[in-house]
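The structure under discussion appears below in the form of C-alpha cells.
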Amino acid sequence: MPESIAQQFKFLLEENLSIDLTRGKPSPSQLDLSNDLLSITVEPLTDDGADIRNYGEPLGIHQARMLGSELLDSPITNTIAAEQSSLLLTYQLLLASHLFGINDKPWKDIENPKFICPIPGFDRHFNMLDELGIEMLPVPLVGDGLDIEILKTTLAEHADIVGLISVPRHSNPSGDIYSDENILKIFELCSEYSDDLLFLFDHAYLIHDLPNAPSQTPIWALAEQAGVLNQTSVLTSFSKVTFGGGGLAFFAGGEGTFSLLKRIRGSMIICPDKVNQLRHVRFFKNKQNIISHMQKHAAIIEPKFALTSSILRTIPEECGTFSSPTGGYFITYQTSKPVASKVIEICKSAGVLITPAGATFPHGVDPQDSIIRLAPTFVEAIELQKAIEVFSAAVQIAHFNLET
Ligand code: PLP
C-alpha cells in the first residue's frame, strides 16, 4: 500500500499545483455575506447625538459598545468598542502592563517576566510576548483547556509569572473549547499565585461555531464568580465576521485591566473610526442578527471541514491523529513520529503551502516536531481536496520513509 501512495504522489506532482493553506482566512463567498456593508449609508449623528465625523467617544459609540457588551456578556461600562483589530488591543494591553502594570507593578521593573502560553498556540501572540522580552512557559492543551497538573508544576517552579494568554473557544489551532471547570481552576491556581497576574482571553472565535458546538459560560461571569475581574481581559473582533481589517474590535475588562487599556489608548489614539462603528451597528442591529450571520458562515465552512476530515481519515492511524473542531478556522494534525517539518517540505515540493512546522510554538520550535496546522477555509472545495490529498500522501511518505 505505501508504494501506491508514492505512485499517487507522483501523479499529484504532475498536476503542478499551487495552493496556499497557510493562514486561516474567510473565503470570498464568506466575505460576500457582508457586502451590504460596502454601500450602507449612515447619518452623521448617532441616536444619542454623537457626531461620528468628529473626534470624541474614545471608548466607542454607545451602540457599538452595546454590541460588544452583548457579545462578551460584560457590562457596557466595562466594554470598549475600538477600531478594526483585537490584536492591536492585545498589544496595547501588554504594553500598558509593561509600562504601568496592574496594581502599579510594571513588568519593565521585573528582571525576567514570564507568561503561561497554552500550546499549540497562535504565532502572533508569541511574537508580541517575545518582543516585550517575556519568557514563554508552555503548558499543553488537552482538549478542554489547559493541562492542570502541568499548570500547577509550572506555577510552583517559576517566580515572576505575570500573565496567561489563551484562546478559550475553538483555540487556534487545536480547536479546544475550555470547559468552565478548566477556566475556574486556572483562575483559582493563578490568583492564588498572584493577584497581579493578567488573564488575557483572546476570544477571536467566540461566535465562530459549527452546528453542535458546546456552550460555554461567558468568561465575564466565570471571572466574577472567581473574584478575578480586576485581572481579567476579554477581546474579540469582527475580523472573521465581516471584513478582515475592516471590522470592529471589542475589549471587556475589570477595573484593573480596563483602566490600563484606557490609559495607554488615551496617549495613542484620540478616538476610533466611529463611521465604521455606526455602519456595523446599522448592519447588525443586535446580537441575534450576528448569530444568524455566523450560521451562514458555518454553512460555507462546514463542508470544507468535513471534506478535510474525510480525507484525513484515510491516513493509517499509526501515522498520527487529527482534531475534530466544532468551530474556528483550523484542523490540527499530530504526527506520531517527529516528521512534521518533513511533511510540510514534501507538500511544498508538490505546490501545497502549509503553515511552517513549529509556528504554533514559542520561538517557532515544536520540540516533538509533530504539530501541523491546516487552514481549510479560504480555498474552494476542488483545490482543498487536492491539497489534502497531497498532505495525506506526504504524511505517509514521511512516516514510512518512502522513496518518491
Ligand atoms: N487572535 C487569534 C487567536 C487569531 O487566530 C486571529 C486571526 O487569525 C486574530 C486574533 C486576529 O484578530 P484581529 O484581526 O481582530 O486582530
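The values are calculated or read from the model by the stated rules, or taken from the named source; none is laboratory data. All of these numbers come straight from a predicted model, not from anything done at the bench. All Cβ positions, glycine included, derive from the backbone under ideal geometry; neighbour counts span all protein chains shown.
The single residue among ALA387, ALA359 that is of a type in the set (Gly, Ala, Ser), outside any helix (DSSP H, G or I), in contact (Cβ under 8 Å) with a residue 60 or more places away in the chain and under 18 Å from LYS25 (Cβ atoms) turns out to be ALA359.
Restricting attention to the stretch 169-222, the residues that are over 26 Å from GLU157 (Cα atoms), in a helix (DSSP H, G or I) and not β-branched (Val, Ile, Thr) add up to 3. If you go through the stretch 335-356 and keep only what is assigned to a loop (DSSP other than H, G, I, E, B) and out of contact with any Lys or Arg (no Cβ under 8 Å at 6 or more places or on another chain), you end up with SER336, LYS337, PRO338, VAL339, ALA350, GLY351, PRO356. The lone criterion from (1) at pLDDT 95 or above; (2) touching a Ser or Thr at 6+ places or on another chain (Cβ under 7 Å); (3) not basic (Lys, Arg) left unmet by PHE284 is number (2).
So that you can scan it fast, the table gives a plain yes or no per residue for (1) more than 16 Å from the ligand (Cβ to nearest atom); (2) outside any loop (DSSP other than H, G, I, E, B):
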site	(1), (2)
GLY56	yes, no
LEU59	yes, no
ARG65	yes, yes
SER74	yes, no
LEU89	no, yes
LEU93	no, yes
ASN103	yes, yes
PHE126	no, yes
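Scanning the stretch 231-270 for residues that are away from the ligand (no atom under 15 Å from the Cβ) and closer than 17 Å to SER166 by Cα yields GLN231, THR232, GLY253, THR257.
Only one entry of THR79, THR22 meets the criterion of being at pLDDT below 95 and touching a strand residue (DSSP E or B) at 6+ places or on another chain (Cβ under 9 Å), and that entry is THR22. Please work out which residue is surrounded by the fewest Cβ atoms within 10 Å (Cβ to Cβ), limiting yourself to the stretch 362-384 and to residues that are touching a Gly at 6+ places or on another chain (Cβ under 7 Å) and in contact (Cβ under 8 Å) with a residue 24 or more places away in the chain. Looking at residues that are touching a Gly at 6+ places or on another chain (Cβ under 7 Å) and in contact (Cβ under 8 Å) with a residue 24 or more places away in the chain, I get GLY364. Would it be correct to say that PRO272 is at pLDDT 95 or above, more than 18 Å from GLY24 (Cβ to Cβ) and not assigned by TED's automatic domain parsing to the domain that holds MET66? Taking the combined requirement at face value, the residue does not satisfy it. Cβ separations smaller than 8 Å between residues 6+ apart or across chains give the following pairs from the stretch 18-42 residues that are assigned to a helix (DSSP H, G or I) to residues that are surrounded by 13 or more Cβ atoms within 10 Å (Cβ to Cβ) and aromatic (Phe, Trp, Tyr): LEU31/PHE243; ASP36/PHE283; LEU37/PHE243; LEU37/PHE283.
So, SER69, is that one out of contact with any Cys (no Cβ under 7 Å at 6 or more places or on another chain), part of a loop (DSSP other than H, G, I, E, B), within 26 Å of VAL241 (Cβ to Cβ) and among the polar types (S, T, N, Q) or not? Here the answer is no, as SER69 does not meet what is asked. Does ASN182 satisfy the condition of being modelled with pLDDT of 95 or more, under 15 Å from the mean Cα position of the chain (by Cα) and within 25 Å of PRO138 (Cα to Cα)? No: the conditions fail for ASN182.
Listed conditions (1) in contact with a helix residue (DSSP H, G or I) (Cβ under 9 Å, 6 or more places away or on another chain); (2) more than 15 Å from the ligand (Cβ to nearest atom); (3) not basic (Lys, Arg) are all met by ASP109, apart from (1). Taken over the stretch 229-246, residues that are assigned to a loop (DSSP other than H, G, I, E, B) and crowded, with 21+ Cβ neighbours inside 10 Å amount to 4. Within the stretch 253-302, the residues that satisfy the criterion of being under 24 Å from the mean Cα position of the chain (by Cα), assigned to a helix (DSSP H, G or I) and of a type in the set (D, E, K, R) are LYS262, ARG265, LYS287, LYS296, GLU302.
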